[in-house]
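First the structure, in the form of structure tokens, and then the observations on it.
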Amino acid sequence: MSTRISQRYVVPIMTVSITFICIVDGAITTVALPSIARQFDLTAASLSSVVVVYPVCLGIMIPSSAWLLERFGGRRMLLWSLGVFTAASVLCGAAPDLPSLVGARALQGLAAGLLTPTSQALLFRTFSHSEQVGLSRLLIIPQQIAPAVAPLLGGVLVTGLSWRWVFYVNVPIGALAMVFGLLFLAEHRDHAPGRLDLRGLLLSAAATGTLMYGVCAGPDLGWSRPLVLAALSGGAVLLVLAIRTELRVTEPVLRLRLFRDRLFRDTNLISLVGFVPVLGAMFLTPLFVQDALGGSALASGSVTFTESFGVLLTMQVVGVLYARIGPRVIIGTGLLGVTAALLLFATADAHTGLWAMRGYMFLLGLAMGAFFMPTTIASFTTVAKADVAHAATLNTVVRQTGAALAPATVTTLLVLHPTGAGRSGPPLTAYQHSYLALALIAAAAAVFAFTMPDAGARKAAAVTDGAEPDPVPPPAPEEAPTGAAAGAGRRRAARTGPRS
């Protein structure tokens, strides 16, 4: 293995590749569902298992990611999970029947449950907080390009070749990333793992997987279906048992004590709630364009595409302002912007033009750009280096839960309205009321964001690259983190800012 290339280049390249391949895979699969249904002579509704099995298996695997990272090292786990994901993509494309496809998608989900938290942990181990702020302005580019390009790419592949190529397209990207990682990615291991918390692992994996199934299947099957109710209630019981177990053991597989730190807790709560209106709008708008406005799939794709430009523009500004005004003001203002954009969407009717919708989506993107990066960067501010992998795991659990709740919330809001005679879909008022409900959730998240402490985050972001920061006095008692992870290994600024 050669590591002549600095890890400060290698790790971001690996992160970008993994982020791109995971986002594209998630967005492109839905495009192929009708074609898959025709191939296997099935209804589109019966293919819900192809979609649901992925987040369920992802949720099952995430809790073990931190322990596996510490046990086997970041390099080995990243390459192993990337190899499994790539191989599973081949199996998906070659699947001879629906059960084989579902099984391959399950394997993909298991691998993805390791890829995201592992790559995030390596990123935060390699760069300081101040460097993370600047780096995020570049890393956001593939995160925005991928969901915009994926539907168009999927349409071209399904139309010109076959649905199998929406999975095969992962193979060259995954293979190139693996070769690059084998040649240049160094081992990242700075903390010896404790004894495996097997009971906590089984309970947390069962809880996240069961709840993820209930949340993802509920909108399609119906929330009153016995299977969905059993999944939600059973998952809730398992979650309570998992929390009790993890708070009692010395080396838990999920270090829930990190949530004792107020900044880590607040940023994750804001992410959980904020993902619902942000991603909910991204899910709702294409439905509105096609159903209420009578637009085509291409038209809806062109509407959502403008969001990417808004995010990319705001991120360049956020990276400059983060250390100066802090994440609290940026996140709160961004969520207020999301609220305003959703209120604009709520005024749309059958006479609203596509260019107006594109403008609304651009404004939504401007606001979203002030939400994603600051919540992630700030959440790691008070996390000790030995806890980075566990913090990344908890972050991934929270964000995946928010991502699953977004479409579930939108679908539930839509079905609350009667379709009316002669309509196959929800009425116009259902979309308008759904936008209003999402705006209310965004406003509540914004109010909470303005209350979070961020003095430490500003100081950490102000550290000059390569400088050793002076220690910063502990926060006031009401803000003092109490976990063992809160006291050691923090990077602080050489200059202090005003206390929040």
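The values are calculated or read from the model by the stated rules, or taken from the named source; none is laboratory data. The shown structure was predicted, so the numbers you read here are calculated from the model rather than taken from an experiment. Positions of Cβ are generated from backbone atoms using ideal geometry, with glycine treated the same way; all protein chains shown enter the neighbour counts. SASA here: full protein model, heavy atoms, side chains in, ligands and nucleic acids out. Shrake-Rupley method; radii C 1.70, N 1.55, O 1.52, S 1.80 Å.
For region 379-409, a tally of residues being of a type in the set (D, E, K, R), open to solvent by less than 10 Å² (accessible area, probe 1.4 Å) and within 15 Å of the chain's Cα centre (by Cα) returns 0.
Given the conditions (1) within 19 Å of Thr396 (Cα to Cα); (2) more than 19 Å from the chain's Cα centre (by Cα); (3) not β-branched (Val, Ile, Thr), report the number of the one that Leu269 does not fulfil. The number of the failed condition is (2).
Just to be sure before I move on: is Val472 among the β-branched types (Val, Ile, Thr) and modelled with pLDDT under 80 in the structure I sent? So Val472 passes the test.
In this entry, Val276 passes the filter for residues that are crowded, with 20+ Cβ neighbours inside 10 Å, β-branched (Val, Ile, Thr) and closer than 20 Å to Gly402 by Cα.
The residue of region 69-78 that is nearest to Ala404 (Cα to Cα), among those that are open to solvent by 10 Å² or more (accessible area, probe 1.4 Å) and modelled with pLDDT of 85 or more, is Met77.
Ile330 - would you say it is open to solvent by 40 Å² or more (accessible area, probe 1.4 Å) and within 12 Å of Pro374 (Cα to Cα)? Don't jump to the end; show me each part of the working.
Details: open to solvent by 40 Å² or more (accessible area, probe 1.4 Å): no; within 12 Å of Pro374 (Cα to Cα): yes.
Against the criterion (open to solvent by 40 Å² or more (accessible area, probe 1.4 Å) and within 12 Å of Pro374 (Cα to Cα)), Ile330 does not qualify.
So which of Val320, Val338 is open to solvent by less than 20 Å² (accessible area, probe 1.4 Å), out of contact with any strand residue (DSSP E or B) (no Cβ under 9 Å at 6 or more places or on another chain) and of a type in the set (Val, Ile, Thr)? Exactly one residue qualifies, and that residue is Val338.
In region 223-263, which residues are assigned to a loop (DSSP other than H, G, I, E, B) and open to solvent by 30 Å² or more (accessible area, probe 1.4 Å)? Let's see the steps before the verdict.
Taking region 223-263 first, the residues assigned to a loop (DSSP other than H, G, I, E, B) are 223-225, 247-255, 261.
Passing the criteria: Trp223, Ser224, Arg225, Leu247, Arg248, Val249, Thr250, Glu251.
Whenever a residue of region 410-436 is on the phi < 0 side of the Ramachandran plot and open to solvent by 40 Å² or more (accessible area, probe 1.4 Å), its partners that are aliphatic (A, V, I, L, M) and at pLDDT below 80, lying with C-beta atoms within less than 8 angstrom and at least six residues away or across chains, give the pairs Leu428/Ala292.
Considering region 79-169, the qualifying helices (runs of 4 or more DSSP H), each wholly inside and each with 2 or more residues that are polar (S, T, N, Q) and at pLDDT below 75, run over 129-160.
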